[in-house]
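The values are calculated or read from the model by the stated rules, or taken from the named source; none is laboratory data. Since we're looking at a predicted model, the values are computed, not measured. As a convention, Cβ positions derive from the backbone with ideal geometry for all residues, glycine included, and neighbour counts pool all protein chains shown.
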Amino acid sequence: MKGTREEPVNRRQFVRNAVRGTVVAGLGALVGRLAAGNVARGSVWQIDPAKCVRCGKCATHCVLEQSAVKCVHAYAVCGYCQLCTGYFGPDPNDLTTAAENQLCPTAAIRRTFVEDPYYEYAIDEKRCIGCAKCVEGCNRFGNGSLFLQVRHDRCVNCNECSIARVCDGNAFVRVPADQPYLLKTTTA
Amino acid sequence: MNGKPDQRLSRREFVGKIALGAIGAGVASAAGKRLVAAESNPFAYELGNLAKTDPKLIGYEETGRLPALPMPARHLEIGPNNTLFAAAGNSIVSMTRDGARSLEIALGGPARCVAVAADGSIFAGLRDHIEVFDGKGTRVASWESPGPKTWLTGLSVGENDVFAADSGTRVVHRFDRSGKAVGRIGAKNAERNAPGFVVPSPYLAVRIHRDGLLRVNDPGRHRIEAYTLAGDFEGAWGKFGAGIDGFCGCCNPINFTFLPDGRSVTCEKGLPRVKIYTAEGQLESVVAGTESFPENAKVGAGEHDSDASLAGLDAAVDSEGRVYILDLVTAQIRVMRRKGTGEHKA
């Protein structure tokens with residue numbers, strides 16, 4: 001009975017096998033690259049609130065006439081303060097809605113009385129230009145419930161985001177398109 | 001035409017021009033980036049002179065700093081014999097006034113506040129309950145939590161009672177020395193004239209004053225309130241304002257303590273500063289202004305998962321009137337004494 005001894009590989013077979021292997025590896029790499037491309041097309045720009053340094057460039061460097069970046073509000077984190085430092089300037093004359101007391105340059109925050117001494121603050125996105133002035137006030141003195149996010153009903157998802165290029169905090173990141181927001185939460 | 005000079009480039013010239021072009025483009029790109037980085041922010045949050053302290057108001061000078069505590073450091077207290085106690089990391093640390101560690105008690109979780117009785121018993125506040133240790137650090141008891149929303153941030157111990165400030169439910173719990181809950185102070189109650197504490201961020205502190213009344217900060221109302229041990233509201237002082245005589249931002253003062261003669265030492269966040277007020281609430285002097293705490297002033301809130309992520313200061317005072325300031329950001333303790341001859345106005 002003959003054994004199962006392997007036939008020796010001649011030079012021609014070796015070269016042929018090597019070429020086949022290279023072709024298969026190349027195809028694999030191509031498929032992988034295409035798959036990665038699909039993943040990249042399935043991602044969008046977003047701001048990591050923990051990295052945002054409130055440099056103001058979201059308001060001035062977006063390709064859109066009015067920035068796609070808006071202030072958003074984590075109500076669960078908010079203290080509903082009577083003296084909201086995201087709403088009022090650093091040293092307001094009075095705690096009223098008079099323009100001279102407000103911090104926002106476009107009056108994009110609405111202040112509504114809830115019950116003594118609590119007030120609710122809501123962002124009017126049509127007015128918000130993403131300047132982060134309120135974000136700085138809220139973070140500096142309060143709980144940081146106001147923060148910036150790229151709003152995907154406006155963002156055109158440029159390959160190279162013109163704000164990300166100049167962001168002082170390198171806060172722009174790519175996130176999956178099906179989970180496009182990085183929201184603040186509370187464990188308290 | 002034959003009359004035209006030969007404008008063809010040699011290979012060497014061509015490569016040279018390409019290299020020069022590349023260098024020029026690189027320089028222009030770098031300069032452009034620097035220009036972008038140097039752009040001023042037209043929407044900058046301007047504090048102006050609010051972060052500067054009038055030197056005439058500063059009544060104290062720093063005489064030293066103690067070794068940094070475990071992070072995050074949250075609370076500072078003075079015990080018998082002027083021993084310092086700190087709630088820092090997952091432990092209660094005690095040390096001499098020179099910073100030499102004398103005791104370290106490991107807890108099962110983050111330490112948030114501490115109080116020490118005259119007999120040396122140590123009361124450690126964790127998030128939702130109090131643990132009791134003898135003077136050598138041996139655990140004596142672990143008290144039942146007041147409830148799932150409890151978030152303890154301040155403790156004070158009297159002869160027969162322990163008072164625990166709960167930022168989570170916005171009240172001060174009163175316990176007897178065995179840990180039995182005997183009262184709740186500060187909840188909105190018209191019969192006791194209590195307006196209810198406003199606590200936007202987790203800073204509620206409680207101290208027993210030498211006049212026998214409790215003092216509790218009400219940060220959302222920018223004042224210090226006085227209560228009887230039974231919970232009757234007796235009065236308050238303090239006003240909002242970023243100026244030096246007010247309490248700045250949404251919610252200050254965040255902590256306070258007393259000098260030996262009963263005057264108040266207040267701590268603020270946002271514009272981190274420590275000030276002295278008379279018993280009537282008049283600003284008397286500044287212990288340390290905002291410019292003394294650059295790291296603390298820079299901190300903005302991150303994720304709201306810790307009561308130490310919001311920065312701020314705490315303070316304790318020894319029997320000679322020295323003020324010890326705990327910087328919650330750097331976990332360092334600064335030792336401050338009244339300016340002048342080195343004597344302390346006690």
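Filtering A:Q66, A:Q102, A:Q46 for residues that are within 16 Å of the chain's Cα centre (by Cα) and at pLDDT 95 or above leaves a single hit, A:Q46. When B:G125 is tested against (1) touching a helix residue (DSSP H, G or I) at 6+ places or on another chain (Cβ under 8 Å); (2) more than 21 Å from B:L213 (Cβ to Cβ); (3) of a type outside the set (V, I, T), just one condition goes unmet, and that condition is (1). Could you go through the stretch B:211-218 and let me know if any residue there is within 14 Å of another protein chain (Cβ to nearest Cβ) and farther than 16 Å from B:L152 by Cβ. Scanning the stretch B:211-218 turns up at least one residue that is within 14 Å of another protein chain (Cβ to nearest Cβ) and farther than 16 Å from B:L152 by Cβ.
The set of residues in the stretch A:53-62 that are buried (at least 23 other Cβ atoms within 10 Å of the Cβ) and out of contact with any Asp or Glu (no Cβ under 9 Å at 6 or more places or on another chain) comprises A:C58, A:A59.
Quick check on my filter: what residues within the stretch A:109-129 are at the interface with chain B (Cβ under 9 Å from one of its Cβ atoms) and surrounded by 19 or more Cβ atoms within 10 Å (Cβ to Cβ)? The answer is A:I129, and nothing else. Among the criteria (1) modelled with pLDDT under 95; (2) surrounded by 19 or more Cβ atoms within 10 Å (Cβ to Cβ); (3) outside any helix (DSSP H, G or I); (4) over 10 Å from the mean Cα position of the chain (by Cα), the one B:V287 does not fulfil is (1).
Tallying residues that are in a loop (DSSP other than H, G, I, E, B) and under 29 Å from B:S201 (Cα atoms) within the stretch B:116-153 yields 14. Restricting to the stretch B:104-124, name every residue that is surrounded by 20 or more Cβ atoms within 10 Å (Cβ to Cβ) and within 19 Å of B:P80 (Cβ to Cβ). Matches in the stretch B:104-124: B:I105, B:C113, B:V114, B:A115, B:V116, B:I122, B:F123, B:A124.
Just one of the numbered conditions (1) within 18 Å of the chain's Cα centre (by Cα); (2) more than 30 Å from B:S121 (Cα to Cα) is not true of B:R207: (2).
Of the residues B:A165, B:A194, the single one that is modelled with pLDDT of 95 or more and under 24 Å from B:R74 (Cβ atoms) is B:A165.
Of the residues examined, B:V171 is one that is out of contact with any Ser or Thr (no Cβ under 9 Å at 6 or more places or on another chain), among the β-branched types (V, I, T) and more than 14 Å from chain A (Cβ to nearest Cβ). From the residues in the stretch B:221-272 that are of a type in the set (D, E, K, R) and more than 13 Å from every other protein chain (Cβ to nearest Cβ), which one is surrounded by the fewest Cβ atoms within 10 Å (Cβ to Cβ)? In this case the residue turns out to be B:D261.
In the stretch A:58-67, which residue that is out of contact with any Gly (no Cβ under 8 Å at 6 or more places or on another chain) and touching a residue at least 12 places away in the same chain (Cβ under 8 Å) is nearest to the other protein chains (Cβ to nearest Cβ)? Out of the qualifying residues, it is A:H61. Being of a type in the set (D, E) and within 14 Å of another protein chain (Cβ to nearest Cβ) is the filter here, so list the residues in the stretch A:92-103 that pass it. The answer is A:D94, and nothing else. Regarding B:A181, is this residue within 14 Å of another protein chain (Cβ to nearest Cβ), exposed (fewer than 15 other Cβ atoms within 10 Å of the Cβ) and farther than 14 Å from B:T266 by Cβ? So B:A181 does not fit the description; no. Restricting attention to the stretch B:167-183, the residues being without any contact (Cβ under 8 Å) to a residue 60 or more places away in the chain, touching a strand residue (DSSP E or B) at 6+ places or on another chain (Cβ under 7 Å) and under 25 Å from A:N143 (Cβ atoms) number 3. Taken together, the residues in the stretch A:130-188 that are at the interface with chain B (Cβ under 9 Å from one of its Cβ atoms) and surrounded by fewer than 22 Cβ atoms within 10 Å (Cβ to Cβ) amount to 7. Quick check, is A:T106 more than 10 Å from every other protein chain (Cβ to nearest Cβ), farther than 20 Å from B:A242 by Cβ and surrounded by fewer than 20 Cβ atoms within 10 Å (Cβ to Cβ)? Yes: the conditions hold for A:T106.
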